[in-house]
Each structure stands twice: as structure tokens, then as C-alpha cells.
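Asker: Dropping a structure here in C-alpha cells format, bear with me for questions.
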Amino acid sequence: MGDKLSVSIIVPALNEAGIIQNQLEYLRSLDDSAEIIVVDGGSADSTIELARKHAHSITAERGRGSQMNAGARIASGDILWFVHADCKPSKTSIHSIRKALEDKSVVGGGFYWKLDNFPRLMKYLQSTSNLKNRLKKTLYGDMGIFVREEVFKKIGGFKNIPLMEDMDFCKRLKRQGKVVILKDPMETSSRRWRKEGIIKVYVRNNLLKLAYRLGVSPAYLAKFYKFG
């Protein structure tokens, strides 16, 4: 390994048979040396069977927190990088992660958030979201959270909660050192935004974040997320 930090890419997945193969092939193209682990949460389709053709694939209790923790437990990398199945990192992402972590005070971070095929009207909201995230050093799951493996273990990984596991993790991570948000874009699929309605999703997500910061339990918020 030498002085080059090794990377484990952990992909939590659920019912992603339509996109998982292309995603794993793309992630492999970023760096041949990277370890890729898919953690399936009990898909009703062929996600796990397809994933096994391209990556080390396991199953875990459904829920992003528990799935990502399961992947982290078997990962061998110095860096743990959590990438959602429907998020496409920049080709320069791994280089940028290693470069950022040359600063020993940096414990982890994420990337500039970008939605694919996003209407022009909403680009302003995308820009303001990224500005707010950079100022507050706030990380969300679709920003491609990365963290030093020893720091991940030190803070106990993700909490097994039904929602807001990323915000909770970020809050604990920031107590350990510097968190950075890199300019490389992490392109997230807008499929769910378009299916449910862009304005509805934007308003709902921001209400959920506000309610969580005000102390509303993730279990209650998960019910609102599902039915709201």
C-alpha cells in the first residue's frame, strides 16, 4: 500500500436491479485498486445477484445505517466512502479524497451535491443548498460521505435509526476534526424528485431537517417521510 491510502467504497442498496450493474462498473472505473462492497437490505428483485458479479456483496438488516455499518465491518480500506446506488461521483473523486486527507486534521467529508436533469428553476435552490452545506460543514448521504476508517470506528459508525443517520453521523464526526466538502460534483438521480414532485420533495426534506434539529425523533420523522 505504501503511503497511498486505500479506499473501500460501500454501496447500500435496495431494489436497484435496474441500475446496480452500471453503477458498479462505473465505480470500478474510478480506481482499480478500490475495494467495492455492496450491502443489500433485502431486495425483492435481483439486486444482490447482479451485484455479486461485480463486487463483494452481502446482505444486512434493512436501513441505510445498518447496511453501511455492515459494509464498514468487513471493509479493509484506510478510507471508507459511502456511495448511494443512484449517485454518480466525479472521475476525480478518489484522487480528491486522498488529496484532502493529506491534511491530518481532516477526518472526513463529502462532495458538492448535484441533481441530474434538474429543471433550471431549481438550480438556484441547488446552489443555495451547497453554499449552506459548505458554510455549516453539513453532510448528507447523497453527498458521498467519506471518513478515515479509524475515526469511523472511534465514533461508533452510523446509528441504526430509520432516518437522519447522515445528519447524526456528521454531528459526531465534526467533533473529531475538520470536515471538508469537495468541489467535485456528486450527481444524484432526480428520479424520486420527479416521481413525487420536485416542490413537494424539496419542502418535505427541509421540514424533516428542521424538525430533526428541533429534537423530533427519527422514528416519528420516518413516518412523516413515508406518508408525508
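The values are calculated or read from the model by the stated rules, or taken from the named source; none is laboratory data. This structure is a prediction, so every number in the text was calculated from the model and none was measured. Positions of Cβ are backbone-derived with ideal geometry, glycine not excepted, and every protein chain shown enters the neighbour counts.
Asker: Is there a residue being within 27 Å of GLY197 (Cβ to Cβ), touching a helix residue (DSSP H, G or I) at 6+ places or on another chain (Cβ under 7 Å) and surrounded by 20 or more Cβ atoms within 10 Å (Cβ to Cβ) anywhere in the range 116-136?
Answerer: The answer is no; no qualifying residue exists.
Asker: Based on this model, can you work out whether ASN69 counts as touching a residue at least 60 places away in the same chain (Cβ under 8 Å), of a type in the set (S, T, N, Q) and at positive phi?
Answerer: no
Asker: Among the residues of the range 137-161 satisfying the criterion of being over 19 Å from ALA85 (Cβ atoms) and touching a Pro at 6+ places or on another chain (Cβ under 9 Å), which is surrounded by the most Cβ atoms within 10 Å (Cβ to Cβ)?
Answerer: Residue satisfying both the conditions and the ranking: ILE161.
Asker: Name the helices (runs of 4 or more DSSP H) wholly within the range 131-204 that hold at least 1 residues that are at pLDDT below 85?
Answerer: Correct list: 191-196.
Asker: Are there any pairs with C-beta distances below 7 angstrom linking a residue in the range 30-57 that is without any contact (Cβ under 8 Å) to a residue 60 or more places away in the chain to a residue that is among the charged types (D, E, K, R) and buried (at least 20 other Cβ atoms within 10 Å of the Cβ), with the two at least 6 apart or on different chains, and if so which?
Answerer: Cβ pairs passing all conditions: THR47/GLU16; THR47/ASP40; ILE48/ASP40; ALA51/ASP40; SER57/ASP40.
Asker: Only residues that are under 22 Å from GLY65 (Cα atoms) and either out of contact with any strand residue (DSSP E or B) (no Cβ under 9 Å at 6 or more places or on another chain) or assigned to a loop (DSSP other than H, G, I, E, B) (or both): list them for the range 1-27, please.
Answerer: Those that are under 22 Å from GLY65 (Cα atoms) and either out of contact with any strand residue (DSSP E or B) (no Cβ under 9 Å at 6 or more places or on another chain) or assigned to a loop (DSSP other than H, G, I, E, B) (or both): LEU14, ASN15, GLU16, ALA17, ILE19.
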